Amino acid sequence: MTPAPGIWLVREDGEALGAVLAARLHGTVYRPWLQPGMAQKTQFAASYRLHAQWVMVAASGIAVRFLDGLPTDKHSDPAVVVLDEAGRHAVALLGGHEGGANALAYRVANAVGAAPVVTTATEALKPLCIGIGCRKGVSMERIGAAVMQALNSAGVAGQYCMDQVREIATVDLKAEEPGLLAFCREHGVPLRVLSRATLAARPWVSAPSDWVRQNVGLDGVCEPCALVASPRGALLVPKMSLDGVAVAVVVDKWMEI
């Protein structure tokens with residue numbers, strides 16, 4: 001079961017974000033300014049072990065100072081994700097793998113439309129992002145078959161596999177698609193949800209789809225999703241469709257910078 005995080009607001013200015021996070025992540029909001037006689041750092045230290053995961057709506061510097069002296073072991077420390085008050089970046093700060101902060105960063109990002117920031121080494125070495133669009137109710141198996149077809153078409157046989165996929169991206173209309181969620185869980189790959197407005201701002205597609213235009217309001221889904229998820233990447237596999245699932249693959253080109 002996914003833990004319900006504590007949501008620590010450092011200022012009243014974070015109330016709007018706190019309300020969205022509480023509703024979508026089923027978390028508990030903390031408002032330390034209601035206890036003006038006790039320093040926020042002291043309050044946070046007293047609450048630190050009450051939750052297995054924390055979202056701090058604050059600057060990263062504040063979060064680092066609040067955490068000073070609290071972490072003891074990566075296998076038992078709570079996960080901490082920092083979200084700036086503008087809701088732009090959800091940073092997995094502490095407990096990336098063991099505590100689940102990497103996954104929490106994606107949950108937070110998807111909840112408020114932020115960009116997830118994950119810095120653990122294993123994710124940094126994964127060069128692929130996959131964009132997926134699919135018909136309603138498509139099964140995990142059909143999604144898997146389409147993804148494998150796309151990966152097998154790239155480069156030489158066996159060159160690319162799911163172990164090299166950093167994230168899967170889709171449009172907000174598919175955020176709760178059961179088959180897509182199950183596929184991501186099966187392979188341990190986070191799902192990044194992008195709004196239609198974000199995708200419309202980068203509308204390039206190799207082959208516009210009338211069906212997608214009529215039903216989603218975009219020329220395409222999988223290619224823009226993959227390109228937005230990996231902004232410095234290059235299209236490795238243009239849109240490929242199989243049995244109601246469209247897949248595009250982008251490879252990160254950071255090593256060529």
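The values are calculated or read from the model by the stated rules, or taken from the named source; none is laboratory data. Predicted model, so just to flag it, every value in this text is computed and none were measured. Don't worry about glycine lacking a Cβ; one is built from the backbone with ideal geometry, like all the others, and counts go over all protein chains shown.
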Exercise. Looking at (1) under 25 Å from the mean Cα position of the chain (by Cα); (2) of a type in the set (D, E, K, R); (3) closer than 16 Å to L9 by Cα, which is the only condition D77 fails?
Worked result: (3)
Seminar exercise, completed: Exactly one of K74, K41 is surrounded by fewer than 18 Cβ atoms within 10 Å (Cβ to Cβ) and in contact with a Phe, Trp or Tyr (Cβ under 7 Å, 6 or more places away or on another chain), and that one is K41
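For A150, are the conditions met, namely being outside any loop (DSSP other than H, G, I, E, B), out of contact with any strand residue (DSSP E or B) (no Cβ under 7 Å at 6 or more places or on another chain) and either touching a residue at least 12 places away in the same chain (Cβ under 8 Å) or under 26 Å from R213 (Cα atoms) (or both)?
In short, no.
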Exercise. Quick one: which helices (runs of 4 or more DSSP H) sit completely within region 21-134 and have at least 3 residues that are among the polar types (S, T, N, Q)?
Worked result: 40-47
Problem set entry | Options G188, G220, G179: the member that is within 18 Å of I130 (Cβ to Cβ), in the same structural domain as A146 (by TED's automatic domain parsing) and at pLDDT below 90 | G220
For this session: Look at region 194-204 and say how many of its residues are surrounded by fewer than 20 Cβ atoms within 10 Å (Cβ to Cβ) and either touching a Ser or Thr at 6+ places or on another chain (Cβ under 8 Å) or over 16 Å from H89 (Cα atoms) (or both).
Result: 7
Seminar exercise, completed: When every residue in region 125-138 that is more than 17 Å from G188 (Cα to Cα) and of a type outside the set (K, R) is compared, the one surrounded by the most Cβ atoms within 10 Å (Cβ to Cβ) is G133
For this session: Check T122 against each of (1) surrounded by 15 or more Cβ atoms within 10 Å (Cβ to Cβ); (2) among the β-branched types (V, I, T); (3) closer than 30 Å to P238 by Cβ and name the one condition it does not meet.
Result: (1)
